[in-house]
Amino acid sequence: MAALPVLKDHARISLCGFIAWYDEDKWDRDTLPLPAMWASILFKRLVVQGFLVTDHADSFATFLDEAGPLVAEGRLKLRETTAEGLAAAPEAFLAMFRGGNLGKQLVRVAT
């Protein structure tokens, strides 16, 4: 984990084995002293690759041409959670970190 902040863009991380626990008489994969996320990545042999929406900026106009009419026709629905009033903004913000919103979190401050 200490290396993550200093990795350059598009760096690769290899995750292989549990040599530190090879001497254990028995171990349970659910209680390994390793962050659960990394254990899942290893055991499921996942490939993780980050991306930014700007990586696909050249496709944005095509996306709008295709998705815009679908949204207008109601065939493609946006998912949003709307909190009412500025006083609800702090809780709406914190709820995002708890998975308390569906889709985009909005705060309606006026109608």
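The values are calculated or read from the model by the stated rules, or taken from the named source; none is laboratory data. Keep in mind the model is a prediction, meaning the values are calculated, not measured. Don't worry about glycine lacking a Cβ; one is built from the backbone with ideal geometry, like all the others, and counts go over all protein chains shown.
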Out of the residues in segment 21-56 that are hydroxyl-bearing (Ser, Thr, Tyr) and modelled with pLDDT under 80, which is farthest from LEU4 (Cα to Cα)? TYR22
May I ask you to list the residues in segment 77-111 that are more than 25 Å from ALA67 (Cβ to Cβ), touching a strand residue (DSSP E or B) at 6+ places or on another chain (Cβ under 8 Å) and not in a strand (DSSP E or B)? GLY85, LEU86, ALA88, ALA89, GLU91, ALA92, PHE93, ALA95, GLY100
Given the criteria outside any loop (DSSP other than H, G, I, E, B), of a type outside the set (Val, Ile, Thr) and either at pLDDT 85 or above or at positive phi (or both), does SER59 qualify? yes
